[in-house]
Amino acid sequence: MLSLNSSDSNTNSNSNSLSDPVSLNVGGEIYTTTLDTLTRYRDSMLGAMFTGQISTLRDKRGNVFIDRDGKVFRYILDFLRSSSMDLPDGFSEMRLLRREADFFQIRPLLDEIQRHVEAGALSLRDAPRRALLLVDVDCQVRMLHFNLRLAPENHELRTCSVCILTAEIFCTWRAFLVLLCERFSYRTTQGLTSPLPSDQGYNRLKLEWVPRPDELPQDQYEKQRYRGLVISDSWATQIHFGDLCDAIIPRRSPSEVKDMHRFLEELLTVSLAEGFSVDSVTPDSMDILNCRTLQLVRSDVAHSSSPLIHQLWT
């Protein structure tokens, strides 16, 4: 068993009781638990860390330091304690929780998340009988001037156009916005992050992103603090511990949303699957993928056989 006490020449590795408290610093958030809780699933990353298979780091206060998302770790710790996934109403970080559970390789939690996604949070049995979905989309093209470094003392002024894409979404069914926050993610220099509903009201969600043009170098794209939008994939890497890692099964890369057509296709796919049907399209009702405003409704008589949709599949 890995010794978690402060460095001491007289401390042996078997001196830790499973009921002894252990303090963790996870991404700046401090948690206190026990070795028994942390090693509940011995084949997980935490099980490997706290049984001596993987070395651990400490912060200045002596807490075991783990460089992961600190806020969502509380739900992982709760699951380790109770073997139950208890999430607050309107929880919008399911994608992040799934990614963290995958990193820690807690397979029972991953299975529970999968069941929740497939059947629980947006099950049609829990859906309202009627709902309204309004979508306003916009694309602004701007010229960007930047210096391209060709050599240590050789820079060249370049110009390219960038498209700033915006989607403002209103839905009377709040859980549907939660689903969209799980389906779409922003790609930033820090990795993938989930969008959040607007502070002005949980019934609103605003997405804004800038696809990177081929002629714009990645470092210049990041310098402008642009962020891309991706469609999340379902599952992630699986790790098995031997020496450290016996096998890694790579995850498919998330799909980039490079234009408004791709965004609208995905939005329609999700909304139709949840019982919405297209009610109106502006400006051209027969050109849905080039619309500026889209209205969908969900009701007892709503269905997805509207003629507006047939052009997507023909």
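None of the figures in this text is laboratory data; all of them are computed from the coordinates on show. Only a predicted model underlies this, so the values are computations on that prediction, with no experimental measurement involved. When we count neighbours, we look across all protein chains shown, and the Cβ atoms used for this are built from the backbone with ideal geometry, even at glycine.
For segment 130-139, putting each phi into the Karplus relation 6.51 cos²θ - 1.76 cosθ + 1.60 with θ = phi - 60° gives couplings of 9, 7, 10, 10, 10, 10, 10, 10, 8, 9 Hz, in residue order, rounded to whole numbers and with x for Gly and Pro. Farthest toward the positive end of the dipole of segment 10-95, out of 56, 91, 77, is the Cα of 56, where the dipole comes from beta carbon charges about the Cα centre.
Arranged from highest to lowest average of other beta-carbon atoms within 10 Å per residue, in what order do the peptides 272-279, 135-142, 77-84, 93-100 appear?
Numbers: 272-279: 19.1, 135-142: 13.4, 77-84: 15.0, 93-100: 20.9.
Output ranking for 272-279, 135-142, 77-84, 93-100: 93-100, 272-279, 77-84, 135-142.
Shown here for segment 30-73: chymotrypsin sites (Phe, Trp or Tyr not before Pro) in loop regions (DSSP other than H, G, I, E, B) with at most 15 other Cβ atoms within 10 Å, of which there are none.
Could you tell me what percent of the DSSP beta bridges with both partners in segment 21-121 are antiparallel, to the nearest 5? Mind dumping the intermediate values first?
Values: 8 of 11 bridges.
Here the antiparallel bridges make up roughly 75 percent for segment 21-121.
Seen from residue 167, the other residues with C-beta closer than 9 Å to its C-beta sum to a net charge of -3, counting Lys and Arg as +1 and Asp and Glu as -1.
Taking 7 Å steps out from each Cα toward its Cβ at residue 129 and residue 32 produces label points 5.2 nm apart. What the phi angles of segment 99-104 give under the Karplus curve with 6.51, -1.76 and 1.60, with θ = phi - 60°, is a coupling list of 5, 5, 4, 5, 4, 7 Hz, glycine and proline written as x.
Counting Lys and Arg as +1 and Asp and Glu as -1, what is the net charge of the other residues whose Cβ lies under 9 Å from the Cβ of residue 182?
Numbers: positive: 95, 98, 183; negative: 93.
Net of charged neighbours comes to +2.
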